[in-house]
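Just so it is clear, none of the values below were taken in a lab; they were calculated from the coordinates. This structure is a prediction, so every number in the text was calculated from the model and none was measured. When we count neighbours, we look across all protein chains shown, and the Cβ atoms used for this are built from the backbone with ideal geometry, even at glycine.
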Amino acid sequence: MTTTATANESLAFDSAGHTQFLASSGEPQWLTDMRATAWSQFEQLDWPSRKEEDWMRSDLRAFKLDKYSLINPTTGTLADHDIPERLAEGVQPAGVLKTLDGQVIEESLDESLAAKGVLFGDLSRIAASSPEIVQRYLGTVVDSSQDRFAALHAATWRGGHILYVPAGVCIENPLRVAAGLTNGGTDSGHTLIVLEAGAEATFLYEANSAAADDKGLHLGGVEIIVKPGAHLRYVNLQDWGRGVWHFAHQRATIDRDATIQWTVAAIGSRFSQVSQKVSLIGEGAESQVNGVLFTQDKQQLTYNTLQNHAAPHCRSDFLYKAALQDKSRTVWRGMIGVDPGAQKTDGYQRNDNLLLSNQARADSIPGLEILADDVRCTHGSTSGKVDEELIFYAQSRGFTRKEAVRMIVTGFFQQIFDRITIESVREALGQSIARQVREYQ
């Protein structure tokens, strides 16, 4: 099954634009009501300020919502706009969904999986065709009232993606989503992933702009629900243009004896603010989150992460690594939270930063909040520059300085690459990082 996009009228991010958006959506009434509630929250909330802990290192003075449109009248394919699909190489997908400026332009799913009850495709379309599933889960993990960006996303998301895997169904090949953003465009896609008990799946999501200096706005949301005994591998590659404002709220709940391996690679955008939370809600649940951040020019990437242990005998492992060039900046605030009943918790978090410039800055704030008395929780953080002796050693064996730095940076991230079990994804992430390395000064 394949669908093709049609042109849409450009709509502003205001009450009139939102009213017109709801009127033209053709969505079920319950979803329209949910959006209207979120819009009301958006109008009542203020923009985050630097007085708030999660935003105290974020400067939003240059962000102007009225520069962007709720809907962009964009047509064509990703190839028409020269938007790459790096995670497509070497992958035989079980299903593919593509969006352009938040509009679904292509979707397909293996017929044998559809026959087993698997749902994969346009979230708005499936909300109408299978409302009993979407209504049950949509908006149950991400809180639209968390801040004004969360409310705006919940009210205006478009080009959403859903993966629903029934109990006991194991999908061998990955499902792949490619989101493209044209210069000055808006993407507000929402991802909803639900794995019922004993199900297994791999979900690859990548977001790209055509050119490195492209501008735009991304308002994202991710909801992941992994039921007892289910296993999910989720890969997220973000390489928006360097003029894109990127805001996202990402949440996952992992139930009894279920697992998630979540890999994040963030390379693009002018400014990113991502709130990521994994809640272990069932005994024996496990999560592994791997983050790769690479910044240059005046980019700032901010990640606020939370490992929430709500049940006993759970294990979480968060590892974020960042390499920074030029005058760029990263902010990582990590927290392990252990609820009173979550005895026998095993929680680990670590953030390592490699500074490739004297003007780059990495803020690293690990933290623990433990309310149980029989746990093992550790955290750590390191920051440092490239060792000149390593560069000299490589140059003495015929490598240029740039080649030497590229090897060192690749080696810095190797611990995370080794955790990724999909060879094509490892190679794609490694190549994406290598392309960014400039000559170290």
For K385, go through the aspartates and glutamates and keep the ones whose alpha-carbon is under 12 Å away, minus same-chain ones fewer than eight residues off. D352
For a Förster distance of 56 Å, can you work out the FRET efficiency between the beta-carbons of Q135 and Y393, rounded to the nearest 0.05? 0.40
Round to a whole angstrom and tell me the spacing of the C-alpha centers of the range 329-351 and the range 170-210. 26 Å
Tell me, what is a quarter of the convex hull surface for the C-alpha atoms of the range 11-282, in nm² with one decimal? 13.6 nm²
Projected-area mean, the range 175-241, by convex hull of Cα positions, square nanometres: 4.2 nm²
Please identify, among I260, I71, I391, the residue showing maximal mean-square fluctuation in a Gaussian network model of the chain using a 10 angstrom Cα cutoff. I391
Nearby lysines by direct alpha-carbon distance to K227 (threshold 20 angstrom, same-chain neighbours under 8 apart not counted): K116, K277
In terms of Cα to Cα distance under 20 Å, which lysines are near enough to K64, apart from those fewer than 8 places away along the same chain? K51, K215, K298
Dividing the helical contributions, -39500 (n - 2.57) per DSSP H run of n ≥ 4, by the residues of the chain yields a 222 nm value, nearest 500 deg cm²/dmol, of -6500 deg cm²/dmol
Pop a pseudo-label 7 angstrom from the Cα along the beta-carbon direction at both R376 and K402 and give the gap in nm to one decimal. 4.6 nm
